[in-house]
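*Asks:* There's a structure below that I have some questions on.
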Amino acid sequence: MIGYISGKILGPWDRGIIVDVNGIGYEIQMPSSSLANLPSSGNEVTVFTHLVWKDDTLSLYGFETIEARDMFRLLMEVSGVGPGLALKILSVLSAGELLQILVREENNRLRAIHGVGEKTAARLCIDLKEKARAILAKRQWYVEPASHIEQVAAGDLWNDALSALTHLGYGSSETRAALARAFASAGESAGLEDLVKKALQFLAKGHTKQA
């Protein structure tokens, strides 16, 4: 098993990055959300990896943190979840977010991810809830109760707005707080563009703390 790879980034490829280690280029598939956080081509990088051998093909999957790599492995313990789907899930959710979603059994948040159907979402929560709870307890991470606003907005609109703000470079916690305030201010009938604009206003002013 290859636990991690350290080397020089040669550049992106269609599904991840290529890392040069002593003249050997390793193709490493990564969550799309991680690619923007990596150093530019020519710089040194360390990626925590998991090796998958399937149909006589070796594939390397890489992650910024050990926690994300371990979540990737945990997801693949569930029947019907292969490396491709696990990577999609971790392209949308951080390890911490996913653990809390599993503990709270928020199937709707999982179903919003492309490729995760109703049965798969339910199976993920059923199979991994207690394991996720144990991981959170071990790391002493607090499981936040889902707010009323987030429960109401937990469908596509919430996820689309959250994705738009995240792609603009804002962190997950500040984005959720600003978006919750935007929902409270604009009302549940607001459209995606209005919500994103209002959330950006709160982020610009630094008013991201829940009242």
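*Asks:* If S6 satisfies all but one of (1) surrounded by 16 or more Cβ atoms within 10 Å (Cβ to Cβ); (2) among the polar types (S, T, N, Q); (3) in contact with a Ser or Thr (Cβ under 9 Å, 6 or more places away or on another chain), what's the number of the condition it fails?
*Replies:* Going through the list (1) surrounded by 16 or more Cβ atoms within 10 Å (Cβ to Cβ); (2) among the polar types (S, T, N, Q); (3) in contact with a Ser or Thr (Cβ under 9 Å, 6 or more places away or on another chain), S6 breaks only (1).
*Asks:* Suppose the filter is at pLDDT 90 or above, surrounded by fewer than 22 Cβ atoms within 10 Å (Cβ to Cβ) and under 15 Å from the mean Cα position of the chain (by Cα); does D70 pass it?
*Replies:* Numbers: at pLDDT 90 or above: yes; surrounded by fewer than 22 Cβ atoms within 10 Å (Cβ to Cβ): yes; under 15 Å from the mean Cα position of the chain (by Cα): yes.
Taking the combined requirement at face value, the residue satisfies it.
*Asks:* Here is a follow-up. May I ask you to verify whether Y26 is in contact with a Pro (Cβ under 9 Å, 6 or more places away or on another chain) and surrounded by 15 or more Cβ atoms within 10 Å (Cβ to Cβ)? Give the steps one after another, and end with the answer.
*Replies:* Details: in contact with a Pro (Cβ under 9 Å, 6 or more places away or on another chain): no; surrounded by 15 or more Cβ atoms within 10 Å (Cβ to Cβ): yes.
In short, no.
*Asks:* Scan the range 91-143 residue by residue and report those that are part of a loop (DSSP other than H, G, I, E, B) and within 25 Å of L35 (Cα to Cα). Even if it seems obvious, please write down each step before you answer.
*Replies:* Looking only at the range 91-143, we keep the residues that are part of a loop (DSSP other than H, G, I, E, B), and these are 93-94, 105-106, 112-117, 140-143.
Hits for the range 91-143 are L93, S94, A112, I113, H114, G115, V116.
*Asks:* Within the range 189-205, take every residue that is in contact with a helix residue (DSSP H, G or I) (Cβ under 9 Å, 6 or more places away or on another chain) and more than 13 Å from A161 (Cα to Cα) and give me the one that is modelled with the highest pLDDT.
*Replies:* Q201
*Asks:* Hey, another quick one. Would you mind telling me which numbered condition in (1) closer than 30 Å to L203 by Cβ; (2) modelled with pLDDT of 90 or more L124 fails?
*Replies:* (1)
*Asks:* Here's a follow-up. What do you reckon, is R104 at pLDDT 90 or above, within 21 Å of T175 (Cα to Cα) and either in the same structural domain as D127 (by TED's automatic domain parsing) or surrounded by fewer than 18 Cβ atoms within 10 Å (Cβ to Cβ) (or both)? Working first, answer last.
*Replies:* On the way: at pLDDT 90 or above: no; within 21 Å of T175 (Cα to Cα): yes; either in the same structural domain as D127 (by TED's automatic domain parsing) or surrounded by fewer than 18 Cβ atoms within 10 Å (Cβ to Cβ) (or both): yes.
No, not satisfied.
*Asks:* Let me ask something else. Would you check which residues across the range 90-131 are among the basic types (K, R) and within 13 Å of the chain's Cα centre (by Cα) and list them? Break it down stepwise before answering.
*Replies:* The first filter runs over the range 90-131 and keeps only residues among the basic types (K, R), leaving 104, 109, 111, 119, 123, 129, 131.
Answer for the range 90-131, where residues must be among the basic types (K, R) and within 13 Å of the chain's Cα centre (by Cα): just R109.
*Asks:* Condition first: touching a residue at least 40 places away in the same chain (Cβ under 8 Å), assigned to a helix (DSSP H, G or I) and within 19 Å of P12 (Cα to Cα). Now tell me which residues in the range 59-87 satisfy that.
*Replies:* L87
The values are calculated or read from the model by the stated rules, or taken from the named source; none is laboratory data. None of these values were measured; they are calculated from a predicted model. Methodologically, a virtual Cβ is constructed for each residue, glycine included, from the backbone with ideal geometry; neighbour enumeration extends over all protein chains shown.
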